[in-house]
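Notes for the one structure printed next.
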């Protein structure tokens, strides 16, 4: 069953799947997702790299032995993040996608959710919707684009959901990307925030708690299609830094030479609102307060 633009719900009334299988269970998203599944008392199987290295030859055969037709499979497994992806990492990620697809050809699961990235979209579009042209630059973008195609061509008999998420922030995000996590950590530990240029670029940031809630909703409604995940409210990096200053107290801003041209990214979240009208996304100001408090407690506890 190929993905369509926006989401179509197979369940009119939300119903928990019999079991959720999480591939990439040990990562930032996977760990938070499993914590919530435990609270909801949902049956799940979290697969870590130590259980199956999905980039290795024969991993598909091992995975087949663990999957059941009633499973809803959530694919979070990636190797290396956006800023660190080299050619060998790209190839490893493609192998991960290939092994998962090979396994899913043999076991028609009840649903497949592939967690992708907004990086697949071209930077020529300042405002992004699900209808925007693909064509992101770099290995990370092309990795997700390639794996999306692999899943779309492989998953024929199961609902397939592709979630293209903007940058996610939260206490356990160890990738420390340029944005809420890096700025908050720098404010707590260094008393300063470094910006490129004047921090003019606009971006949209989503809280990890909202990502987890979306995954739960997608599973319970057995949704299929393609959806972007963002708040629909972009801010500049300078505005982001100023918001953190208000929370943290005295913090200096440092301005460094710009490494990239000024490019903005806004999101039209019409499809998201239509699919989940009751989804209450966390305001950035509130999310930053919670992130800063967690980091500050960690610092105090370490002293």
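FYI, it's all coordinate maths here, none of it is from the lab. Because the structure is predicted, anything quoted here is derived from the model rather than measured. Note: ideal-geometry Cβ built from the backbone for every residue, glycine included; neighbour counts use all protein chains shown.
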Task: At R0 = 22 Å, FRET efficiency that the Cβ-Cβ distance of residue 10 and residue 66 yields, to 0.05 - done: 0.40
Open item on the list: From Cα pairs below 8 angstrom and at least 6 apart in sequence, can you work out the relative contact order of the chain, rounded to a whole percent?
Closed with: 23 percent
Open item on the list: For the stretch 1-149, take the convex hull of the Cα atoms, compute a quarter of its surface area, and give me that in nm², please.
Closed with: 9.8 nm²
Task: Cα convex hull of the chain, projected area averaged across orientations, nm² - done: 15.6 nm²
Open item on the list: Distance between the C-alpha centers of the stretch 161-189 and the stretch 56-91? Whole Å please.
Closed with: 22 Å
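Once the Cβ-Cβ distance between residue 190 and residue 131 is put in as r, and R0 is 35 Å, what FRET efficiency do you end up with, to the nearest 0.05?
After rounding to 0.05, the efficiency reads 0.25.
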Open item on the list: Compute and list, largest first, the equivalent-ellipsoid semi-axes of the stretch 111-267 from the alpha carbon gyration tensor, each √(5λ) rounded to a whole angstrom.
Closed with: 32, 18, 12
Open item on the list: At 7 Å along Cα-to-Cβ for each site, give me the label-to-label distance between residue 172 and residue 45 in nm.
Closed with: 2.1 nm
Task: Paramagnetic reach from residue 279 in the stretch 161-196 [backbone N under 16 Å; point 7 Å along Cα→Cβ] - done: 161-169
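Out of every Cα pair in the stretch 1-69, what percent are spaced more than 14 Å from each other?
Summing the P(r) of the stretch 1-69 above 14 Å gives 68 percent of all pairs.
Computed FRET efficiency, Cβ-Cβ of residue 258 and residue 122, R0 22 Å: what is it to the nearest 0.05?
On the way: r = 21 Å, r/R0 = 0.94.
Calculated value: 0.60.
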Task: Quotient of Cα Rg and 2.2 N^0.38 Å for the stretch 223-296, N being how many residues it contains - done: 1.41
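Order these by the 10 Å Cβ neighbour count, fewest first: 71, 108, 89.
Values: 71 23, 108 14, 89 18.
Lowest to highest Cβ neighbour count: 108, 89, 71.
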